[in-house]
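Peer 1: Below is the structure I would like to discuss, written out as structure tokens.
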Amino acid sequence: SSHSIPRTNVAPKCLEGMTELWTGYSFMFVDVSGNVAGQALSDPGSCWREFYVNNMMECRTSSCTNTNAEYSFWLSTAVPKTSTCSEYYLDSTSHSDNPELVKDYISRCSVCVSDYKLMSVHSFTNTLPETQVAELANTGWEIAYSGYSFAFQVGAGRGYGTALQGHGSCLREFSPIGIAQTNGQEVRWISPNFKSLWVIDYGFTDGDDDEDDYDWDVDTPNDRENFIRERVGKCYVVKKSASMASQRGYSYYTDETAGPLDEISRTRASRNESTLFLI
């Protein structure tokens with residue numbers, strides 16, 4: 001699965017060969033009294049059918065209660081290419097006053113089903129990993145889409161990350177602000193606490209501390225475009241299907257060219273066994 005962080009609040013379409021199960025809003029993690037629990041962006045549990053605030057209660061032996069120390073974090077829509085973050089995102093906004101306006105700035109998602117395996121391939125450079133993907137093509141992997149290498153998101157002092165092999169780490173849009181925070185009825189997109197961590201081109205980390213720690217302006221459209229082009233790591237999400245692997249003589253479970261598929265692979269392919277993905 002992968003999150004696109006779309007530029008609009010319209011749920012993305014499933015990849016070719018996938019069937020949509022439901023659409024929703026892109027949930028990332030909660031921070032309750034300093035305890036963080038999250039959902040992997042590659043899994044269906046991060047696509048909630050509804051967006052709502054005050055979504056957790058703290059329960060003890062004799063009672064459950066709301067707490068002012070509860071923060072939930074959702075993926076936000078990406079800042080448009082022609083806008084600055086400060087121009088695009090709302091100020092601190094009350095969900096109860098205007099719930100539909102708030103939802104316009106929350107990323108949407110779709111949960112899809114198929115027999116695909118999906119995997120992220122990162123270049124750790126500012127160019128796409130063409131060589132790595134060409135090698136994988138020899139064992140039945142195909143390109144699904146390209147994106148930017150996302151690693152971690154910090155909210156109210158704590159954060160949550162994603163495994164780099166999961167396709168949730170290859171986001172189709174780069175945005176310096178990646179989350180919306182809810183606390184009570186308040187929803188905010190801009191805070192000095194919010195930090196998104198992206199993999200950068202390792203060629204720039206040459207040991208020169210002054211260069212490595214250099215601040216890049218990413219608020220204006222031109223500066224953000226330069227940062228994306230020169231520094232942000234690029235990635236592909238690749239796919240392999242059980243049925244296509246069988247037809248082409250590849251193993252579904254390994255990256256070695258196969259003759260007849262082993263018994264487990266043949267059984268799974270014949271059943272058209274399904275896997276859930278968040279797109």
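The values are calculated or read from the model by the stated rules, or taken from the named source; none is laboratory data. Here the structure is a predicted model, which is why all the values come from computation and not from measurement. Ideal geometry is used to build each Cβ from the backbone, glycine not excepted, and the neighbour counts take in all protein chains shown. SASA here: full protein model, heavy atoms, side chains in, ligands and nucleic acids out. Shrake-Rupley method; radii C 1.70, N 1.55, O 1.52, S 1.80 Å.
Peer 1: Of these, Gly233, Gly155, Gly147, which one is touching an Asp or Glu at 6+ places or on another chain (Cβ under 7 Å) and at pLDDT 90 or above?
Peer 2: Gly233
Peer 1: Right, here's the next one. Given the conditions (1) polar (S, T, N, Q); (2) closer than 26 Å to Val238 by Cα; (3) touching a residue at least 24 places away in the same chain (Cβ under 8 Å), which single one is not true for Thr93?
Peer 2: For Thr93, the failing item is (2).
Peer 1: If you check every pair at least six apart or on different chains, which have Cβ atoms under 8 Å apart with a residue in the range 9-30 that is hydrophobic (A, V, I, L, M, F, W, C) first and a residue that is surrounded by fewer than 21 Cβ atoms within 10 Å (Cβ to Cβ) and assigned to a loop (DSSP other than H, G, I, E, B) second?
Peer 2: Trp22/Arg49; Phe27/Gln39; Met28/Gln39; Phe29/Gln39; Val30/Asn55; Val30/Met56
Peer 1: Of the numbered conditions (1) open to solvent by less than 40 Å² (accessible area, probe 1.4 Å); (2) out of contact with any strand residue (DSSP E or B) (no Cβ under 8 Å at 6 or more places or on another chain); (3) among the small types (Gly, Ala, Ser), Ser86 satisfies every one except a single condition; which is it?
Peer 2: (1)
Peer 1: Next question. Counting just the residues of the range 15-35 that are modelled with pLDDT of 90 or more and open to solvent by 30 Å² or more (accessible area, probe 1.4 Å), which one comes out farthest from Ile179 (Cα to Cα)?
Peer 2: Thr19
Peer 1: Counting only residues that are within 17 Å of Glu230 (Cβ to Cβ) and loosely packed, with under 15 Cβ neighbours inside 10 Å, how many does the range 122-145 have?
Peer 2: Qualifying residue count for the region: 1.
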